[in-house]
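Trainee: Once you've had a glance at the structure underneath, I'll fire off some questions.
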Amino acid sequence: MASDLSTAGFLSVLRRFIGYRGIPSEIHSDNATNFSGANNEIKALHELLKNQLSLSVIRNELAQQGIAWMFIPPRAPNFGGLWEAAVKSVKTALKKEIGLQQLSHDEFITLLVQISAILNSRPLSPLSDDPTEFEALTPAHFLIGSTMKALPEPNLLEIPTNRLDHYQRIQQMFQRYWQRWSKQYLTQLQMTSKNSPIDPLRIGSIVVLREDNLPPLCWPLARIICLHPGTDGIVRVVTVKTLADRRY
């Protein structure tokens with residue numbers, strides 16, 4: 001989170017990033033001309049990147065840290081598809097949860113850090129082909145070497161906001177964000193097209209179980225142990241084995 005869209009604000013964010021994650025070898029961002037005609041939300045950033053004095057200060061800082069700043073081609077947002085998709089997934093759900101509520105700096109940064117933990121907890125692929133293993137590779141493995149965990153909290157989803165204190169209000173937003181975003185993520189995993197059909201289900205494959213009312217950062221995983229194809233030969237039902245050896 002940046003306090004403002006200034007050179008000093010960017011350098012402060014960069015130093016915090018280095019403190020959390022270490023020094024990156026490269027920084028990738030939009031090309032300044034991408035922001036031409038943009039809305040008010042990003043016009044200030046356009047001016048910052050266009051300002052030669054600001055760029056000189058930023059480049060000197062990056063050079064001292066040994067970081068290369070890589071701009072994507074002008075008017076080519078598809079080159080930043082990976083991070084653009086991540087930004088969109090955060091902003092779309094976050095705006096719906098915050099709405100017209102005003103958050104303090106402390107409240108907003110707390111919420112953003114918790115949301116980043118959600119994104120870094122998402123399962124990407126199995127860690128092992130061993131059918132007795134139920135752990136998936138997540139972005140957190142690249143950052144901390146293990147999975148992300150969340151502190152246990154009471155369910156605040158059904159409590160009216162006016163009955164909550166400031167801390168509980170942020171946790172309610174966090175829980176609502178998790179509920180909305182996790183469902184969207186699982187839906188994205190199932191999206192298919194004619195040119196990119198879904199991978200066939202196989203015995204031994206690891207899957208994510210969709211369950212309601214799961215606490216944040218909880219992704220129940222299972223292994224497929226039996227396939228049940230329909231009369232058309234397409235598998236729509238499977239038997240799975242979970243870590244607790246339960247069957248669904």
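Trainee: Applying a 10 Å radius around every beta-carbon, put 210-216, 96-102 in order of their mean neighbour count, most first.
Mentor: 210-216, 96-102
Trainee: May I pose another question? When DSSP beta bridges are limited to those with both residues in the chain, what percentage is antiparallel, rounded to the nearest 5?
Mentor: Of the beta bridges lying entirely in the chain, close to 75 percent run antiparallel.
Trainee: Leaving out ligands, DNA and RNA, and with a 1.4 Å probe, what % of the accessible surface on segment 116-233 is carbon or sulfur?
Mentor: 53
Trainee: Between their Cα atoms, which of 50/96; 50/91; 88/183; 96/183; 95/183 are more than 21 Å away from each other?
Mentor: Pairs exceeding 21 Å: 50/96; 50/91.
Trainee: In Å², what does the accessible area per residue of the chain work out to with a 1.4 Å probe?
Mentor: Solvent-accessible surface per residue comes out at 65 Å².
Trainee: Something else about it: By the scheme Lys and Arg +1, Asp and Glu -1, what is the net charge of all other residues having a beta-carbon under 14 Å from that of residue 13?
Mentor: +1
Trainee: Another question, if that's okay. If you average the C-alpha positions of segment 142-161 and of segment 93-131 separately, how far apart do those two centres end up, in angstrom?
Mentor: 9
Trainee: Still on this structure, please answer the following. Do the sum for the chain: with -39,500 (n - 2.57) for every DSSP H run of n ≥ 4, divided by all residues, what is the mean residue ellipticity at 222 nm, to the nearest 500 deg cm²/dmol?
Mentor: -13500 deg cm²/dmol
Trainee: Also: Using modelled amide H (1.01 Å from N, peptide plane; none on Pro or chain starts), what sits under 5 Å from the amide H of residue 135, excluding residues fewer than 5 places away?
Mentor: Residues meeting the criterion, in which the H sits 1.01 Å from N, are 127.
The values are calculated or read from the model by the stated rules, or taken from the named source; none is laboratory data. Bear in mind that the values here come from a model prediction, so they are computed numbers and not experimental data. Neighbour counts are summed over all protein chains in view; Cβ atoms, including those assigned to glycine, are modelled from backbone coordinates with ideal geometry. For the accessible areas, the whole protein counts, side chains as well, though only heavy atoms, and no ligand, DNA or RNA atoms are used. Shrake-Rupley method; radii C 1.70, N 1.55, O 1.52, S 1.80 Å.
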